[in-house]
1. Tabulate in residue order the Karplus-calculated ³J(HN,Hα) for the range B:237-242, using 6.51 cos²θ - 1.76 cosθ + 1.60 with θ = phi - 60°, rounded to whole Hz; enter x for Gly and Pro.
2. Please report the accessible area of residue A:125 (heavy atoms, 1.4 Å probe, ligands and nucleic acids excluded) in Å², nearest 10.
3. Could you tell me what percent of the DSSP beta bridges with both partners in the protein assembly as shown are antiparallel, to the nearest 5?
4. Where only protein heavy atoms count, and the probe is 1.4 Å, what is the accessible area per residue for the range A:3-179 in Å²?
5. At 1.4 Å probe radius, can you tell me the per residue accessible area of chain B in Å²?
6. Sequence gap at least 6, Cα distance under 8 Å: using those rules, report the relative contact order of the range B:2-215 to the nearest whole percent.
7. Taking the alpha-carbon set of the protein assembly as shown, what are its Rg and Dmax in Å?
8. Once Lys and Arg get +1 and Asp and Glu get -1 on their Cβ, which of A:69, B:168, A:300 lies farthest toward the positive end of the dipole of the protein assembly as shown?
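The values are calculated or read from the model by the stated rules, or taken from the named source; none is laboratory data. Nothing here was measured: the structure is a model prediction, and the numbers come from that model. Note that we place each Cβ from the backbone using ideal geometry, even for glycine, and neighbour counts take in every protein chain shown. The accessibility values were calculated without ligands, DNA or RNA, using every heavy atom of the protein model including side chains. Shrake-Rupley method; radii C 1.70, N 1.55, O 1.52, S 1.80 Å.
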Amino acid sequence: MAALVFVEIEEGEVKKSSLEAVSYAAAVQEGPTAIVFGAINDGEMDKIGAAGAAKVLHVTDDQLAAPNIMAYASAIAEAMSKEGSDLLVLAKSSLGDPVSARVAIKTGASLATNVVDLPDTSDGFKVKCSIYTGKAFAITALSGEKKILGLKKNAISVKEDAGSPAVEEFAPAHVEADFKVKVTERAKATGEILLPEAELVVSGGRGLKGPENWGMIEELAKTIGAATGCSKPVSDMDWRPHHEHVGQTGIKVSPSLYIAVGISGAIQHLAGVNSSKYILVINKDEEAPFFKAADYGVVGDAFEVVPKLTEAIKKAQ
Amino acid sequence: MKILVCITHVPDTTSKISFTDNNTKFDKTGVQYIIGPYDDYALARAVELKESLGGSITVLNVGEAETEPTLRKALAIGADDAVRINAFPTDALFVAKQIAHVAKDGSYDLILMGRESIDFNGGQVHSMVGELMGLPSVSPVMVLDIDGNTAKIQREIEGGKEHMELELPFVAGCQEPIAEWKIPNMRGIMSARSKPMNVMDPVSDETGTSVEVYEMPPEKGAVKLIDPDNLDELVDLLKNEAKVL
Ligand SMILES: Cc1cc2nc3c(=O)[nH]c(=O)nc-3n(C[C@H](O)[C@H](O)[C@H](O)COP(=O)(O)OP(=O)(O)OC[C@H]3O[C@@H](n4cnc5c(N)ncnc54)[C@H](O)[C@@H]3O)c2cc1C
Ligand SMILES: Nc1ncnc2c1ncn2[C@@H]1O[C@H](COP(=O)(O)O)[C@@H](O)[C@H]1O
């Protein structure tokens, strides 16, 4: 197989989930090619190489510097044909999902998404996909000659030991019709750890009583380098921004540790966090359903436990 | 304004998920089916747009006869007619081909879907339909305003949002807070009974993937409770047992 990996850049840096995708592709076939769009910081190409890519196609066309779903899909389909790629690997994201679906139609490739493990090629080509919002898995066979895999975040660990990649400029053809959507503004929290990518997440629920009490959540998050999240009622009441809302109808996270503070653990909330490696629940009600899904629990008042936990962590650092 | 809304027929969000026949079939025993929650947002926004701009709403589902009550509910909420493509929705490609075929014939101004189905969580069908029809597709859409032939949209991205403008027609995958879910009223339920339900055969049997077998995640062990007065122990466990700090 010849693999191509769509690598996303965020403020000049390669997204961790994209390095997971490169590592995944390298495990399927040594020395995959990566494709990146736009300006990229010094040293970042080497990270792509370290994760296993032998070559990087770098698109430097100004018109493709900012994310454009249709144009990126055209460029990636063109790169697949130029490179003879029969496998495209990418991380699931607000850009990766629509791009992969469009490339699937353009190239006739079979597409599996929410992939959580390396493929089984002993009989055909099968991958394990997370379904029912993390409540089950489907072993999915891809029938097409070309295949596209959308990886769930944090399902694969990043390789860091391969070499430097060969970087090649790639100038894809311009398709006028790909520029129909005009992005007039991109409002983005900068400098924050992005929730969907985060290794560690601290989330607060209605038990925190009001937005003015989020200081201790942010302090705990800052101390351990975590992203902050919340339950649905919390974002519905505008205590926190919508992009922090975790669950069935919000962001699905898969960190190594999810800390839930003052969240009851309704099934719709659990659906967004059940891919976490470890869950710590802090709740004053020992009957809260979240404890059934937790690895560690503290039954107590968040207003006492959270500051004390932050202190204990600082002491141990 | 002619709007096509594509809806899924999925287990209610509180359903217990399990499988039968050696884990090859979803176990429907005791499961309540609903309009997919994101599709419900799409339908709600369609009803609002119809109220303010006039026009009509067609709801579409690719599914077997069992999905008709779900389509009827969409009619009760405010759709004018329903189309059911009589086939098991094998995968996103299969579904997208059926939707694109119906959509091409209907010359819709707007094709609204949910951001993702809550069974397979693909988030693929809208982009596939867009590509098959040569139309833009935008998802997940939190704000959708129409002014003449132009739409102003806000799309959620990681850690923020994108504001965008585009011309009709296009495909959008919707999510909250685009509109408030609508609950059918008595008049809606009565009139839904006589609204047209058109059943059509699939136009293509092409698929890209198939599920061989389902698996359940491993059971969680019991929670380890730590005394709130002994948080050093918790830090130690997180550091040395879970190795996450
Ligand atoms: C279709 C559908 C989709 C949904 N999608 C989502 C979703 O994506 N995400 C989501 O989160 N919800 C979702 N919900 C809502 C969900 O059902 C719950 O209502 C919601 O998760 C509850 O939020 P909560 O735990 O913050 O609040 P509550 O249920 O009110 O729980 C508050 C918790 O805080 C505890 N508490 C109170 N005071 C303290 C204190 N001082 N110290 C410690 N603990 C304290 C209480 O014991 C309680 O357990 C959805 C619902 C539906 C119907
Ligand atoms: N069987 C189906 N019938 C009609 N619409 C569907 C079907 N499956 C998916 N869709 C639409 O496509 C959206 C995205 O689905 P998915 O790509 O499966 O996550 C859903 O929210 C629906 O609006």
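1. 5, 5, 6, 9, 9, 7
2. Solvent-accessible area, nearest 10 Å²: 20 Å².
3. 35 percent
4. Averaged over the residues of the range A:3-179, the accessible area is 35 Å².
5. Numbers: 10630 Å² over 245 residues.
Accessible area per residue, chain B: 43 Å².
6. Relative contact order of the range B:2-215: 27 percent.
7. 23.3, 70
8. Of the options given, the answer is B:168.
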